[in-house]
Amino acid sequence: LCLAGDFTGARAIQGRLIALHDALFSSPSPGPVKYALSRLGKSAPDLRLPLVGPNDVVKARIDAAMDAALSEVSA
C-alpha cells in the first residue's frame, strides 16, 4: 500500500498488527516467531539449545495479538 501511495490504508494495517509485532519481539530469540508460525501450522515450535521457546506469559500475549489481528481481518 505504501508503494501505491495509500498511506492511510498502510497505517490501518500497521495499527492492526502493531500489538503482534510487539509480542513477537517481547522475548529474545526466534522462539516467539516459531511459536506463532506453529499456531498457523507453518512450523514446529521446537528449538535447538541454546535457544528456548517463549514462556507462558509471552505465549498468551502472542495468542491474544494473533487472535485480534485475525479477527479484524475476517470482520
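The values are calculated or read from the model by the stated rules, or taken from the named source; none is laboratory data. Quantities reported herein were computed from a predicted structural model and do not represent experimental measurements. Positions of Cβ are generated from backbone atoms using ideal geometry, with glycine treated the same way; all protein chains shown enter the neighbour counts. Note: areas computed on protein heavy atoms with side chains; ligands, DNA, RNA excluded. Shrake-Rupley method; radii C 1.70, N 1.55, O 1.52, S 1.80 Å.
Any chance you could run the full-extension gain for Cys2 through Asn55? It's 0.36 nm times the residue separation minus the Cα-Cα distance, nm to one decimal.
Stretched fully, the Cys2-Asn55 segment lengthens by 15.6 nm.
Here are several values of semi-axes √(5λ) of the Cα gyration tensor in Å: [x] 42, 12, 11; [y] 27, 13, 11; [z] 48, 9, 8. Which one was derived from the coordinates shown?
[y]
Per residue, how much accessible area does the chain show when a 1.4 Å probe rolls over the protein heavy atoms, in square angstrom?
With all protein chains present, the chain gives 70 Å² per residue.
Once both labels are modelled 7 Å past Cα along the beta-carbon direction, what's the Leu40-Ile13 spacing in nm?
My value for the distance between the label points is 1.3 nm.
State the percentage of accessible surface on the chain attributable to carbon and sulfur atoms; use a 1.4 Å probe and exclude ligands, DNA and RNA.
Heavy-atom surface of the chain belonging to carbon and sulfur, 1.4 Å probe: 62 percent.
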